[in-house]
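The values are calculated or read from the model by the stated rules, or taken from the named source; none is laboratory data. Quick caveat, the model's predicted, so the values are computed rather than measured. Positions of Cβ are backbone-derived with ideal geometry, glycine not excepted, and every protein chain shown enters the neighbour counts. Protein only, heavy atoms only, side chains kept; ligands, DNA and RNA dropped before computing areas. Shrake-Rupley method; radii C 1.70, N 1.55, O 1.52, S 1.80 Å.
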Amino acid sequence: MNEKILIVDDDANICELLRLYLTKEGYSPVIVNDGIAAVETAATLKPALILLDIMLPKLDGWQVCRKIRQSSDVPIIMLSAKGETFDKILGLELGADDYIVKPFEAKEVVARIKAVLRRTAAPAAEIVKEVNFDNLFISITNYEMKVRGVHVDAPPKELELLFHLASNPNRVFTRDQLLDEVWGFDYYGDSRTVDVHIKRLREKLEGVSDKWELKTVWSVGYKFETR
């Protein structure tokens, strides 16, 4: 395996615990203890995944996540003693892939890492998955989205969610169904994750076409409605 996992935390005990468990699982953990070092190391190390604490010296985890997302789609799992819904949603809106509340079991962190890496793995090259609608093109083969013929950047999970909905036009999905079918049955996150990703997609697709829309079906979930 030997995938590099960047651990960003200023608590030496937590870092050592995670290092031991990740090494045992075949990963190659690299530890930094402040926000500035996290941004610099992420750029040079090119890790497979980042475990990112929020309360850090120099730059907090929110700022680190924002800076990394400006140039990279590397999976990020945020670690925090802050367990309020607001903090979880903020982390997801900044581009985190998952959020784990301290204190945690190291085995759970390892399980979450494996789940996120499975979800973000590149699809098989020979499988072509594309959909076309008015002013919208989505390719999961190349992880590409074009709006009015212009490439629009979007994280992998946003593309997968939009592709899944658009591949099943007018079908209503509950949040739990989308978590199972897009994130995977072993996803440990909150169903609000879906709401956050839908919100971001709507911002990118606002006013693009009057022939389709991402529609909320109140008290149920979402659908890609065509007219």
| task | Return yes or no: is R171 more than 28 Å from R112 (Cα to Cα), modelled with pLDDT under 90 and not aromatic (F, W, Y)? | result | no
Over region 42-89, the set of residues of a type in the set (S, T, Y) and within 16 Å of I31 (Cβ to Cβ) is T44
Q) Somewhere in region 43-59, is a residue open to solvent by less than 50 Å² (accessible area, probe 1.4 Å) and charged (D, E, K, R)? A) yes
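Out of all the residues in region 168-227, which are of a type in the set (V, I, T) and over 17 Å from the mean Cα position of the chain (by Cα)? Let's see the steps before the verdict.
Our first condition is that a residue be of a type in the set (V, I, T); within region 168-227, this holds for 172, 174, 182, 193-194, 196, 198, 208, 216-217, 220, 226.
The answer is V172, T174, V208, T216, V217, V220, T226.
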ask   = Would a scan of region 80-88 turn up a residue that is in contact (Cβ under 8 Å) with a residue 40 or more places away in the chain and more than 16 Å from L117 (Cβ to Cβ)?
value = yes
Output for Cβ contacts, cut-off 8 Å, separation at least six or different chains, first residue touching a residue at least 12 places away in the same chain (Cβ under 8 Å) in region 64-78, second open to solvent by 90 Å² or more (accessible area, probe 1.4 Å) and assigned to a loop (DSSP other than H, G, I, E, B), reads V74/K46
Over region 70-95, the set of residues within 15 Å of I5 (Cα to Cα) and among the aliphatic types (A, V, I, L, M) is V74, I76, I77, M78, L79
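Quick one: would you say I14 is aliphatic (A, V, I, L, M), at negative phi and open to solvent by less than 40 Å² (accessible area, probe 1.4 Å)?
Values: aliphatic (A, V, I, L, M): yes; at negative phi: yes; open to solvent by less than 40 Å² (accessible area, probe 1.4 Å): yes.
In short, yes.
I'd like the residue in region 21-40 that is in contact (Cβ under 8 Å) with a residue 40 or more places away in the chain and assigned to a helix (DSSP H, G or I) and, out of all such residues, is surrounded by the fewest Cβ atoms within 10 Å (Cβ to Cβ).
Within region 21-40, the match that is surrounded by the fewest Cβ atoms within 10 Å (Cβ to Cβ) is Y21.
Within region 4-19, track down each residue that is part of a helix (DSSP H, G or I) and in contact with a helix residue (DSSP H, G or I) (Cβ under 8 Å, 6 or more places away or on another chain).
Filtering region 4-19 for residues part of a helix (DSSP H, G or I) gives 12-19.
Result: L17, L18.
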Note on region 75-87: residues part of a loop (DSSP other than H, G, I, E, B) and surrounded by fewer than 19 Cβ atoms within 10 Å (Cβ to Cβ) are A81, K82, G83, E84
